[in-house]
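What follows is a single structure, written as structure tokens, with notes after it.
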Amino acid sequence: MVFMTDGEMNTKYDPNDKFDWICSQTKSSACNAFATAAMQTACTAMKKSGIEIYTLSYSADADVVNIRNCATNTAHFFTASPATIKTVYETIAAAIRGDTLRLTQ
């Protein structure tokens, strides 16, 4: 999985919003903490299932700690900018291609 995000949880609580599925709290900060915990739980479950997770932070304000923690390991974590995004994706693609099973005779 390739996961690009700023890692900043900006959830909101609005009891009238039917799309506000992540949070039942009344404060945005509580919603943000809940959403961050949900993200880390999902990342941990994927890693335990053997799914490799590449993460990219793409913002000066990125929550680098949580993005890095989601990655399979530190080698699967990248920071990107408009100037480097192509190179980062090429690096990830090369790593994925390198893991591809090849049959030879």
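The values are calculated or read from the model by the stated rules, or taken from the named source; none is laboratory data. Just so it is clear, the structure is predicted and the values come from calculations on it, not from any experiment. Every residue, glycine among them, receives a Cβ derived from its backbone with ideal geometry; neighbour counts consider all protein chains shown.
Quick notes on this structure:
- Of all the numbered requirements in (1) in contact (Cβ under 8 Å) with a residue 12 or more places away in the chain; (2) under 20 Å from M9 (Cβ atoms); (3) in a loop (DSSP other than H, G, I, E, B), A60 misses one, and that requirement is (1).
- Single match in I67, I51 (criterion: exposed (fewer than 12 other Cβ atoms within 10 Å of the Cβ), touching a residue at least 40 places away in the same chain (Cβ under 8 Å) and under 27 Å from A93 (Cβ atoms)): I51
- In the set (1) surrounded by 11 or more Cβ atoms within 10 Å (Cβ to Cβ); (2) within 13 Å of M4 (Cβ to Cβ), P82 fails one condition alone, (1).
- Residue ID - modelled with the lowest pLDDT, chosen from residues in segment 54-64 that are surrounded by 18 or more Cβ atoms within 10 Å (Cβ to Cβ) and more than 28 Å from G98 (Cα to Cα): A62
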